[in-house]
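> One structure is given below, represented as structure tokens, and several questions about it will come after.
Values in this text are rule-based calculations from the coordinates and carry no lab data. Treat the numbers as computed from the prediction; the structure is a model and nothing was measured. As a convention, Cβ positions derive from the backbone with ideal geometry for all residues, glycine included, and neighbour counts pool all protein chains shown.
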Amino acid sequence: MCGIVGYVGPRDCTDVLISALAKLEYRGYDSAGIAVFENGKIEVAKSKGRLSDLVEKMEKEGKPQGHAGIGHTRWATHGEPSDINSHPHSGRRVTIVHNGIIENYKQIKQFLIDNERTEFLSDTDTEVVAQLLDFYYNGDPIRAIRRTLHEVRGSFALGIVFADRPETIYAVRRESPLIVGQGKGEAFIASDVPAILKYTKDYYLLEHNEIVILKNGSASFCTMHGRVIDKELKTADWDEDSAEKGGYPHFMIKEIHEQPTAVKMTVTPRIEDGLPDLSECGITPETLKDINNVFIVACGTAMHAGMVGKYVIEKLARVSVTVDIASEFRYRNPLIGKGDLVIIISQSGETADSKAVLRLVKETEAKTLAIVNVKGSSIAREADMVIYTHAGPEIAVASTKAYMVQLAVMYLFAFELAYAKGRIDEAKCRDLTDQLIKMPAIIEKTVNSVVDDCQYISTKLISTSSLLYIGRGLDYALSMEGSLKLKEISYIHSESYAAGELKHGTISLITEGMPVIAVATQNTLLEKTISNIEEVKARGAMTVVICDEEADIGEEAADYLIRIPKIAEMLMPMVATVPMQLLAYYTSVNKGNDVDRPRNLAKSVTVE
Ligand code: AGP
């Protein structure tokens, strides 16, 4: 998704904007641009392509020199990626960068045309906002912003400069994220905290419809009506290093290795005297006792974490759990109300469909619980209760450590719910919690023990155009994530199937050499899964089986066996995930793909 930055201070503004935008590359983008006050005039430089293309262009055509400006990485929604459609966009006296979508831009454009404003250069919704701001601008920036905000519908964060207000930046947000960094004698705006960490750890959160003004190196805030607001300065607990690759060739592999720490950071603070304690997140045994049904709603990987949660919660707490894709749930008029708990899982906390579901549920009597990684994100702030996962910044588009900590929270929640409802006794709850506490060491051991196998097996996958993941029960839930991970970064078509379903149609796809990866960690279902493996093998499939080190599977049962540590069956997803992540990672590396920034994907999907 688009990224916004802005800077006012003594440094070379263009350098700051480019380095801050580089930290937002993980969001996905197809063009970039900046606008800088140079000797009191706004100079714009923009280009389709990567930030390096913009830098190259500026080297040839001249780099804006100044101390205040705004910058943008664009992920095209309205209009193809092109130099013209890249931000910033300008009206006569106003230049802006924008993240989000203006839903009624066509009506606004018509309004402007009817009022003799016809100078549109691009296909973007953003340019319409620049023109509208300009239309309302009579020398009072706050008035122009207020009048514009009254007209526009949709989600947006805007960085704005007015030609006759040199060295000053205005910004405002509705729905889309925006933070304000405060350094010594310098101030920033950015779509996300990592963009400013090189310069400062201190930042403010901008709320809906609040306006920030960056001037003389500091930030001041006001409402749309110009009323001054005092805001609390926050300090980021992520340092710049944790947002960097730390010696690994890609963020994805770094993040795979960070999983033990992430799980530890997420689980440890939620254990009190050997039992799960989520009271700090607003969840008490009393609130849990009243829950009749659980709905888990999310997108992509986060939804897959919910699938594992369903099996675990239903098994332990005997509470019915429905898992839904957010973009489906919001349009199917769901039956929810008093006694229901709707859990929204989201790494970014800004995913448009998940956010929309949260708002829809908040209009009912159901309670909402957010499981979110990014602090202060919209979903985290708007839910009744929030459990933060402590994975730190996840930069690779393919989610790994965020999924792992989402699983950890699913377990913590399931244990506490089952105990609160009296479905498991204290001893059982202690035992399960103890096993969860031991997971970081086991995950670390797994990464080290399977890495070579995965690297080798991936060389056997690179030439296929299609493969299948299969599993039963929890293994099926898990294989969905394995399949998504592989397809999103290797570009190999991959599907996950409940192993028992193969015979009902899908087995006809099996041809000589087609890879089938079976996840077989649930010993109670092992014999049945082995039969399914034999069936596909007999039809020529190349088989890979992920099973525990003691599983009764002979070496001849599959072409490749990946043995992982044996732990309690219910917790196996946290271990079995690791080889699936590594298979996806090395397949992508071996194919020479852009592992961290797969084509067509964005880290944070803030539009529908
Ligand atoms: C993860 O590998 C994916 N790229 C994607 O499915 C992601 O999990 C999904 O977009 C949801 O994002 P969120 O967790 O930030 O809501």
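> More than 22 Å apart: what percent of Cα pairs in the stretch 250-437 qualify?
Of all Cα-Cα pairs in the stretch 250-437, 41 percent lie more than 22 Å apart.
> Hey, if you drop one equal point scatterer on each alpha-carbon of the stretch 231-350 and run the Debye formula without solvent, what base-10 log of I(q)/I(0) do you get at q = 0.10, 0.14, 0.16 Å⁻¹?
-0.45, -0.85, -1.04
> Taking the stretch 450-496 on its own, what percent of its Cα-Cα pair distances exceed 17 Å?
Cα-Cα pairs in the stretch 450-496 separated by more than 17 Å: 37 percent.
> Check each of the GluC sites (Glu not before Pro) in the stretch 513-593 and keep only those in coil by DSSP with at most 13 other C-beta atoms within 10 angstrom; list them in order.
GLU549, GLU550
> Work out, step by step, the length gained on full extension between GLU286 and ASN590: first 0.36 nm times the residue separation, then minus their alpha carbon distance; give nm to one decimal.
Contour length minus the Cα-Cα distance gives 104.3 nm.
> Please give the direction-averaged projected area of the C-alpha convex hull for the chain, in square nanometres with one decimal.
For the Cα atoms of the chain, the hull's average projected area reads 27.9 nm².
> What full-extension length gain, to one decimal in nm, is calculated for GLU550 and GLU207 as 0.36 nm per residue of separation minus the Cα-Cα distance?
Result for the pair: 118.1 nm of gain on full extension.
> Another question, if that's okay. Please list the equivalent ellipsoid semi-axes of the stretch 485-538, computed as the square roots of five times the alpha-carbon gyration tensor eigenvalues, in descending order and whole angstrom.
Each semi-axis is the square root of five times an eigenvalue, giving 20, 15, 10 Å.
> Counting C-alpha atoms alone, how compact is the stretch 57-160: give Rg to one decimal and Dmax as a whole number, in angstrom.
Here Rg and the maximum Cα pair distance are 13.8, 41 Å.
> Still on this structure, I have one more. Which values, in whole Å and largest first, are the semi-axes of the equivalent ellipsoid of the stretch 448-591 obtained as the square root of 5 times each eigenvalue of the Cα gyration tensor?
Values for the stretch 448-591, descending: 19, 18, 14 Å.
> Next question. Taking the alpha carbon gyration tensor of the stretch 513-608, what are the square roots of 5 times its eigenvalues, largest first, to the nearest whole Å?
28, 18, 13
> Now for a separate question. Starting from the alpha-carbon convex hull of the stretch 3-242, give the projected area averaged over all orientations, in nm².
Projected over every direction and averaged, the Cα hull of the stretch 3-242 covers 11.7 nm².
> Could I ask something else about it? Helix 526-538 against the longest principal axis of the chain: what's the angle in degrees, Cα atoms only, rounded to the nearest 10?
So the inclination is approximately 80 degrees.
> Just rank LEU24, LEU571, fewest to most, by other beta-carbon atoms within 10 angstrom.
Neighbour counts put them in this order, fewest first: LEU571, LEU24.
> Could you calculate the FRET efficiency of GLU535 with ARG332 from 1/(1 + (r/R0)^6), where r is the beta carbon distance between them and R0 is 41 Å, rounded to 0.05?
So, using R0 = 41 Å, E works out to roughly 0.70.
> Would you mind calculating the gained length between ARG599 and THR459 on full extension (0.36 nm times residue separation, minus the Cα-Cα distance), in nm to one decimal?
Extra length available between ARG599 and THR459 comes to 48.3 nm.
> Rank these for me by crowding, THR529, THR368, THR322, going from fewest to most other beta carbons within 10 Å.
THR322, THR368, THR529
> Each label point is 7 Å from the Cα along the Cα-to-Cβ direction; what then is the distance between the points at THR223 and SER508, in nm?
Once both label points are built, they end up 6.5 nm from each other.
> Over the chain, what is the mean sequence separation of C-alpha contacts under 8 Å (at least six apart), divided by residue count, expressed as relative contact order in percent?
Once divided by the residue count of the chain, the mean separation gives 12 percent.
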